[in-house]
Amino acid sequence: MELCYEARSHRGLVRTGNEDAVLVCGKQLSGADGSGLLFASGKANCGVFAVCDGMGGERFGGEAAAIAVSSLAGIAPRELPRRAGAAIDRANAAICRLMEERGARIGTTLAAISVWDGFCWCANLGDSRVYHRRGETLRRLSADHTRAAQMVEAGILSPEEAARHPARHQLTQHLGIFPEEFTLEPHTAEAVLLPGDDVLLCSDGLTDGVSDAAIAGCLLRERLPRQAADGLLSLALAAGGRDNISLILLRF
């Protein structure tokens, strides 16, 4: 099954740099234009895609995110479910070494997928998300690793309250955790894909200002993948663009 992909990564309207890193068909996105936008578009039959949101300051966070996406580069789509755990462990070890060298807390989220033969497998750590849209239904394949999400599971907050709660930014899982502190436990999921489906990966620069309903509306409204990706970016910028914004849209 052929897919069309559109990738965008923008520094936003407040940040001076971009700590996000994006992997498109196994290659890191690079080459920003004058506005700070990185973009790619194309077609493929399969591929590995990822969005990583770095933490620790413009330079260090970007390094951590780049380490994370590079750990997945070169892995064949069919092999990612089997090899993702080892790749994540290698990336985490490299980021921990970087923390020791720099004497600073550094980390990154990870949302990654592999697609082949009408099948999608995904893994995530942190609050970068993966969505699957079929018709008017938009569902998350990822799970937020945040204190707010834990409180939703415990019945303390509603999903609507969690979307505004300060704890939505307090991560419980991410790359950049020393093994003696915590065990990394990526969330994994899978989906069968049909013609007309969308898969969307994004950093919280999109989801912090744009609701799931607005995301679904944009995907339904814009029939061309390029226009849908540009529309999502425009929604995030119109909401304030307070963080870096990265997204990859795959349309089947």
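Quick one: how many residues across the range 107-145 are of a type outside the set (Ser, Thr, Tyr), buried (at least 24 other Cβ atoms within 10 Å of the Cβ) and more than 14 Å from His187 (Cα to Cα)?
Final tally of qualifying residues: 2.
Being surrounded by fewer than 24 Cβ atoms within 10 Å (Cβ to Cβ), touching a residue at least 60 places away in the same chain (Cβ under 8 Å) and not in a strand (DSSP E or B) narrows it down to one of Arg82, Arg15, so name that one.
Going through Arg82, Arg15 in turn, the sole match is Arg15.
Hey, can you tell me all the residues within the range 147-193 that are in contact (Cβ under 8 Å) with a residue 24 or more places away in the chain, aliphatic (A, V, I, L, M) and more than 14 Å from Asn92 (Cβ to Cβ)?
Ala163, Ala189, Ala191, Val192, Leu193
For Glu101, state whether it is over 18 Å from Leu184 (Cα atoms) and within 16 Å of the chain's Cα centre (by Cα).
When the stated conditions are applied, Glu101 does not pass them.
Report the residue count in the range 25-57 for those that are among the hydrophobic types (A, V, I, L, M, F, W, C) and touching a Pro at 6+ places or on another chain (Cβ under 8 Å).
Here the count works out to 2.
Picking from Gly47, Gly57, which residue would you name as being modelled with pLDDT of 95 or more and within 25 Å of Asp144 (Cα to Cα)?
Result of the check over Gly47, Gly57: Gly47.
Take Ser142 and tell me if it is closer than 23 Å to Met1 by Cβ, modelled with pLDDT of 95 or more, touching a strand residue (DSSP E or B) at 6+ places or on another chain (Cβ under 9 Å) and not in a strand (DSSP E or B).
yes
With the requirement that a residue be under 16 Å from Asp198 (Cα atoms), in a loop (DSSP other than H, G, I, E, B) and touching a strand residue (DSSP E or B) at 6+ places or on another chain (Cβ under 9 Å), what does the range 85-132 give you?
Passing the criteria: only Gly118.
Among the listed residues Ala32, Ala44, Ala76, Ala50, which satisfies the condition of being within 14 Å of the chain's Cα centre (by Cα) and small (Gly, Ala, Ser)?
Ala50
From the list Glu153, Glu190, exactly one residue is farther than 23 Å from Asn18 by Cβ and more than 16 Å from the chain's Cα centre (by Cα). Which is it?
Glu153
In the list Leu237, Leu193, which residue meets the criterion of being surrounded by fewer than 23 Cβ atoms within 10 Å (Cβ to Cβ) and in contact with a Cys (Cβ under 7 Å, 6 or more places away or on another chain)?
On inspection, the qualifying residue turns out to be Leu193.
For the range 32-69, which positions are small (Gly, Ala, Ser), under 21 Å from Ala94 (Cα atoms) and crowded, with 17+ Cβ neighbours inside 10 Å?
Of everything in the range 32-69, those that are small (Gly, Ala, Ser), under 21 Å from Ala94 (Cα atoms) and crowded, with 17+ Cβ neighbours inside 10 Å turn out to be Ala50, Gly54, Gly56, Gly61, Gly62, Ala64, Ala65, Ala66, Ala68.
The values are calculated or read from the model by the stated rules, or taken from the named source; none is laboratory data. All of these numbers come straight from a predicted model, not from anything done at the bench. Note: ideal-geometry Cβ built from the backbone for every residue, glycine included; neighbour counts use all protein chains shown.
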